[in-house]
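For reference, the structure discussed in these notes is given below.
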Amino acid sequence: MRAVVIDEFGSSSKLELRDIPRPAIDPGQILVEVHAASVNPIDWKIREGMMAMRYGEEFPMVLGLDAAGVVVEVGEAVGNFNVGDAVYARSDNGPGRCYAEYVALNPATVAAKPEALSYVEAAAMPLAALTPLYGLRDCGQIRVGDRILLIGASGGVGIFATQLAKNFGAHVTAVCSGRNADLVRSLGADEVIDYTAGDVLRDGDCYDIIYDAIGSLDLETATASLADGGVYLTLVPIPGIDFFIPGETQREAGKGYFVAWTPQARDLEFLSGWVREGKMRPVIDSEYPLEQIRAAHERSQTLHAVGKIIIRVRDD
Ligand SMILES: NC(=O)c1ccc[n+]([C@@H]2O[C@H](COP(=O)([O-])OP(=O)(O)OC[C@H]3O[C@@H](n4cnc5c(N)ncnc54)[C@H](OP(=O)(O)O)[C@@H]3O)[C@@H](O)[C@H]2O)c1
């Protein structure tokens, strides 16, 4: 099968499209024919060797944590999927292995693709939408009426975080550049702050949750703008930050957290429900065929994508 492989860490030039054996599945796995994958910034962080402590150094390495496609083989111990099912997933295979024509997946990370979404749209969702679900729901303990500051609202995670926060009934102040203000308003933001026009935080600001997809604040500044009971959540580890592990960490008000999470199919199903109800939609920045994976990574590394970057693996 065709797959994008790296043989060593480095720049986008290390990404190579070539033939490798199709994965064999364990009895507890399913084989998915990938129609679309997506690029997340973590992909190029792994590619550059910045995440070796977590994702290992085993080469050849196939990146790609999101996939949407069709089940073509089902392990004998798997009861909840059939050949022909349209699915999407956030892979828990180390660095992912979704930049390929086929990927063997743990069914506990796979959900039925919402019919309303194409494979391209579905591939945009898993990692980028699950991230703010775990952050806002599990660590943020978001409630109706909460005031939320959402920094990076136009990015891959931000577009879903904005919609999630609105669906949970919060008042959302979104931070993005002026050119993306209309987009984030269309996703539900109540107020927009243009980060290119001045300071994001002002004297007297008081938020129940500050959700920082950019890691642009220092801990002291962020926690000084929290309401009683509030928390600061950052997607990028910054000095002094604590790790929050759902089900393990006792959340403390007034603190800052980096949320560690494990993908769960039931949470993807929960998000699928919002898609079916018309309360959540992906925003696509750009699409690239598998052959142009280097350009897709370079686009992500600009840090100016608006929504998600998609890799088309197979034409629908
Ligand atoms: N911890 C986790 O579990 C986890 C999960 C997912 C992602 N992450 C990390 O979170 C970060 C964001 O991921 P992503 O997929 O959302 O990235 P992304 O799609 O590359 O984000 C790009 C967006 O960020 C905006 N932006 C850049 N600088 C900004 C600033 N100072 N203030 C407000 N907006 C700004 C850009 O808007 P303009 O073009 O208008 O500047 C652009 O729309 C990455 O570092 C990623 O690795 C962590």
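Where a number appears in this text, it was derived from the coordinates with a stated rule and is not lab data. As the structure is a prediction and not an experimental result, all values here were calculated from the model. Backbone-built Cβ (ideal geometry, glycine too); neighbour counts: all protein chains shown.
Below is a table of values for the structure above.
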{"quantity": "Peptides ranked, highest mean first, by Cβ atoms within 10 Å: ranges 186-192, 162-168", "calculated": "162-168, 186-192"}
{"quantity": "Computed lengthening from residue 8 to residue 279, 0.36 nm per intervening residue step minus Cα-Cα distance", "calculated": "93.4 nm"}
{"quantity": "Cα gyration tensor shape of region 202-252, rounded if a/c is under 1.5, else prolate or oblate by comparing a/b with b/c", "calculated": "oblate"}
{"quantity": "Anisotropy class of the chain from Cα gyration tensor, a/c 1.5 cut", "calculated": "prolate"}
{"quantity": "Highest-MSF residue in the chain out of 94, 64, 204 [GNM, Cα springs under 10 Å]", "calculated": "204"}
{"quantity": "Greater than 20 Å apart at Cα, pairs in 279/308; 113/166; 113/308", "calculated": "113/166"}
{"quantity": "Length-normalised contact order for region 128-259 - Cα pairs under 8 Å, 6+ apart - percent", "calculated": "22 percent"}
{"quantity": "Cross-link reach list, aspartates and glutamates versus residue 255, counting only Cα pairs under 20 Å and skipping chain neighbours closer than eight places", "calculated": "138, 146, 203, 205, 208, 212, 218, 220, 228, 242"}
{"quantity": "Size-normalised alpha-carbon gyration radius of region 104-154, reference 2.2 N^0.38 Å", "calculated": "1.43"}
{"quantity": "Peptides 150-159, 267-276 ordered by average Cβ neighbours within 10 Å, highest first", "calculated": "150-159, 267-276"}
{"quantity": "Sorted by Cβ neighbour density within 10 Å, fewest at the top, the residues 136, 117", "calculated": "117, 136"}
{"quantity": "Percentage relative contact order, the chain, counting C-alpha pairs under 8 Å, at least six apart", "calculated": "19 percent"}
{"quantity": "Approximate spin-label separation residue 295-residue 76, in nm, with each point projected 7 Å along Cα-to-Cβ", "calculated": "4.7 nm"}
{"quantity": "Value of relative contact order over region 219-285, rounded to a whole percent, pairs C-alpha under 8 Å and six or more apart", "calculated": "29 percent"}
{"quantity": "Förster-model FRET efficiency, 22 Å R0, residue 266 and residue 228, C-beta, rounded to 0.05", "calculated": "0.10"}
{"quantity": "Cα shape, region 159-308, gyration tensor, a/c 1.5 rule", "calculated": "rounded"}
{"quantity": "HN-Hα J in Hz across region 166-180 - Karplus 6.51, -1.76, 1.60, θ = phi - 60°, x for Gly and Pro", "calculated": "5, 4, 7, x, 8, 9, 9, 9, 9, 10, 7, 7, x, 5, 9"}
